[in-house]
Amino acid sequence: MIYNILNSILLGNKIQSVQIRLDGDQKDFNFIELHKKKKSISIINRYSTKSFEDLITKLSKNKPVILSITGQGILSKKVKNEKGFQSKILFNADPNDFYWNEYIEEEEIYVSVARKDIIDKEIALFDKVQIPIIDFTVGPFISTSVKPLIEEDTIHTDTTTLYFEKESLLDFEQKKGQDVLEYVVGDEIIFNTDILGFASTLNYLYPNDKIISETSLIASRREEFRYKKAFNIVGVFTLSFFLVSLLLSYILLGNYQSAHHKIQVALGEQNVAYSKLVSLENDKENKEAILNQSGLSDSNFLSFYISKITKEVPDEINLKVLTVFPAKSKIKSEQRIYFENNVIEIEGYAQSNDQFSSWIKVLKTELWIKNLEIISFQRENRTNSFKIKLILKFDV
């Protein structure tokens, strides 16, 4: 089964068949191309010509060709099925100098024979233009392979009429100038000018045990075609694999380069972020050092002043801003900050002058206040806004 599958792959499902009729210096070529699909065979192309040069323009070098050769130089006989029948046909000639095609019945043998040099000359024409010949037959008896598909008891080729009783060949008659006839085989219409080509292909695909033809030359040609086809398939596969691998390598390289670029960008961003982090850490350490030096980091120290100030605030006075140890100047980036370590600034609103004055008097009595300055006091709508400055005394 595996051999059949490989054979089908290597030989393909399309076969070209050429019927050659020899007539002195002239030749008639009838070409058909057949497509094998599962167990059916269909004709997909046909062509007739008297010119070999014209014929080869229709043939493909990548598809196998089967030849059917008839006409002048082909001897066809009906002899008794007995030992030594070949000598009765050739007399003193050497049988090895001839190609044989035989159709065997129980009592008779139908034989077509041709000198090898005649057939080899025709095959050489195809070899010269690299058209692969994988099989050939001589004479009309190959058409017996079509009989199971045709109801008629008579089959006409372009030069011969074969007479049957059921599927047994009874006799044949050679005739020249046959009219063009049609045979219906399944869904196909086959002309008598094509029937040998169709029959040769059918017998190649489904061999008939009654038909015996040349084997040694054909076997070597089939093997040669298989090896050549296998080499081409492997070559195409290898080239395709190389191109696909090259394409994948190119795509992967592009992806790797893109990923590398993204990693480089991310690494650059991380380096920038790390540099900023280091700068912020240094800035944090500097500011913590400043706070430690200024005493602002001592929560107990700050809470004392805040508690004292807010404890004595009357209900009619609202504090807006309380700044403990304000900066001496405007804070600028990358510059050291200097604080007034003995100053507290208070901003707010007072409902009446009397309440504000009373509160100021109370603050002045505090022992921790060295001096109290009223920076501003002015009327705004129905309230008075104020800003005062307390200078602290630490030796209490």
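The values are calculated or read from the model by the stated rules, or taken from the named source; none is laboratory data. These figures come from a predicted structure and were not determined experimentally. For neighbour counting, all protein chains shown are included, and Cβ atoms are generated from backbone atoms with ideal geometry for every residue, glycine included.
To keep it simple, each residue is scored yes or no on (1) outside the structural domain of Leu34 (by TED's automatic domain parsing); (2) modelled with pLDDT under 95; (3) touching a strand residue (DSSP E or B) at 6+ places or on another chain (Cβ under 6 Å); (4) not small (Gly, Ala, Ser).
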| site | (1), (2), (3), (4) |
| --- | --- |
| Ser145 | no, yes, no, no |
| Leu149 | no, yes, yes, yes |
| Glu152 | no, yes, no, yes |
| Ser168 | no, yes, no, no |
| Tyr183 | no, yes, yes, yes |
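Of the numbered criteria (1) surrounded by 14 or more Cβ atoms within 10 Å (Cβ to Cβ); (2) farther than 24 Å from Thr160 by Cα; (3) of a type outside the set (D, E, K, R), the one Thr57 fails is (1). Would you be able to say whether some residue in region 175-187 is buried (at least 22 other Cβ atoms within 10 Å of the Cβ) and touching a residue at least 60 places away in the same chain (Cβ under 8 Å)? No, region 175-187 has no match at all.
For region 44-64, enumerate the residues that are of a type outside the set (D, E, K, R) and within 34 Å of the chain's Cα centre (by Cα).
Looking only at region 44-64, we keep the residues that are of a type outside the set (D, E, K, R), and these are 44-45, 47-49, 51-52, 55-57, 59-60, 62, 64.
Across region 44-64, the qualifying residues are Ile44, Asn45, Leu59, Ser60, Asn62, Pro64.
When Phe85, Phe52, Phe31 are screened for being more than 22 Å from Ile195 (Cα to Cα) and not aliphatic (A, V, I, L, M), only Phe85 passes.
Do you know which of the residues in region 155-168 that are more than 27 Å from Phe29 (Cβ to Cβ) and of a type outside the set (Ser, Thr, Tyr) is surrounded by the most Cβ atoms within 10 Å (Cβ to Cβ)? Applying the filter and picking the extreme gives Phe164. Tally the residues that are without any contact (Cβ under 8 Å) to a residue 12 or more places away in the chain and farther than 24 Å from Leu22 by Cα, restricting the search to region 138-158. The qualifying residues number 1.
Within region 183-215, the set of residues being closer than 23 Å to Lys37 by Cα, in a strand (DSSP E or B) and not hydroxyl-bearing (Ser, Thr, Tyr) comprises Val184, Val185, Glu188, Ile189, Ile190, Phe191. Only one of the numbered conditions (1) assigned to a loop (DSSP other than H, G, I, E, B); (2) touching a Ser or Thr at 6+ places or on another chain (Cβ under 6 Å); (3) more than 26 Å from Asp283 (Cβ to Cβ) is violated by Val313, and that is (2).
At least 3 residues that are within 22 Å of Tyr204 (Cβ to Cβ) and modelled with pLDDT of 85 or more in each: list the strands (runs of 3 or more DSSP E) lying fully within region 1-93 that qualify. Don't jump to the end; show me each part of the working.
Details: elements: 14-23, 26-37, 40-49, 65-71, 74-80.
Counting at least 3 such residues, we get 14-23, 26-37, 40-49, 65-71.
Looking only at residues of region 372-394 that are modelled with pLDDT of 90 or more and of a type in the set (Ser, Thr, Tyr), we find that the one that is surrounded by the fewest Cβ atoms within 10 Å (Cβ to Cβ) is Ser376. Taking the criterion of being farther than 17 Å from Ile309 by Cα and either of a type in the set (Asp, Glu) or modelled with pLDDT under 90 (or both), would at least one residue in region 354-371 satisfy it? Yes - at least one qualifying residue is present in region 354-371.
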